[in-house]
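Let me begin by presenting the structure, written as structure tokens, before commenting on it.
Only the coordinates and a few stated rules stand behind these numbers; no lab work does. Remember, it's a predicted structure, so these values are computed and weren't measured experimentally. Cβ placement follows ideal geometry from the backbone for every residue including glycine, while neighbour counts extend to all protein chains displayed.
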Amino acid sequence: MIDILLLAVLGLVTWCVASDGAWSAVVTFWCTLIAGLVAMNFFEPLAILLEGINPFFAYRSDMIALIGLFIATLFALRIGFEQIVKLHVEVVPMAHDALRWSFALLTGYVTMAFLLTALHTAPLPREFIGFRAERPNLMGVAAPDRQWLGLTQYVSEHALTRGGNHAFDTINMKLANYPNEQWASFPIRYATRRERFSGGGGVVAAAPAAPVGNPGVAAPTNPGF
């Protein structure tokens with residue numbers, strides 16, 4: 001079921017963005033990408049603030065903050081760009097369709113990947129409608145959520161670095177038979193939280209846990225940039 005929903009999001013967003021033309025598709029893609037990165041950067045502080053305002057937001061605040069920031073930032077960027085840059089770039093007919101469909105598809109994929117990542121924070125059971133943290137959730141062959149987390153981690157180490165060795169949601173550990181030494185804790189932390197909540201454990205924060213196989217290494221307490 002989750003595979004069908006993801007394909008539906010990809011197809012709908014691609015069609016809507018492509019219908020506005022090539023120039024609009026390029027602008028929408030960059031606005032969507034930046035909005036997603038901003039949301040990933042600031043959703044945790046906002047979620048903590050929401051929890052302090054009303055107990056209703058407990059356990060729900062992460063998803064509300066993440067998607068809310070994404071929508072608000074995307075809307076602000078798109079409107080702001082239209083107000084500041086009052087021009088329309090003409091594209092030669094031969095390149096028009098290629099550009100609008102290419103950037104529309106990229107926008108659809110980024111949107112799908114972001115929303116799939118947001119599902120990790122949802123107040124739902126550990127596994128639902130075919131969604132599973134360890135599974136490539138797009139037809140069993142691709143994991144857009146882990147790709148998005150990887151992109152967020154990459155830009156936190158390069159373009160958006162704040163200095164030092166800090167990176168988004170990264171723990172250093174060495175496991176036998178695995179060449180990479182850096183691992184993300186985001187999926188398993190939220191999977192553990194959903195499992196505890198659906199099992200009757202009550203509302204629990206997505207507290208980082210020590211990685212399996214290396215109990216001496218603790219996950220970061222703040223996976224933001």
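Remarks
- Positions within the range 23-47 being within 18 Å of the chain's Cα centre (by Cα) and over 17 Å from Q153 (Cβ atoms), in sequence order: T28, F29, W30, C31, T32, A35, P45, L46, A47
- Of the listed requirements (1) part of a helix (DSSP H, G or I); (2) over 16 Å from V27 (Cα atoms); (3) of a type in the set (F, W, Y), F81 misses just one: (2).
- Close pairs (8 angstrom Cβ cut-off, 6 or more residues apart or separate chains): among the charged types (D, E, K, R) in the range 23-50, part of a helix (DSSP H, G or I) and buried (at least 19 other Cβ atoms within 10 Å of the Cβ) anywhere: E44/D62; E44/A65
- Selection status of L119, closer than 30 Å to G140 by Cβ and in contact with a Phe, Trp or Tyr (Cβ under 8 Å, 6 or more places away or on another chain): yes
- So F103, is it buried (at least 19 other Cβ atoms within 10 Å of the Cβ) and over 12 Å from the mean Cα position of the chain (by Cα): yes
- The number of residues in the range 46-64 that are in contact with a Phe, Trp or Tyr (Cβ under 7 Å, 6 or more places away or on another chain) and assigned to a helix (DSSP H, G or I) comes to 4.
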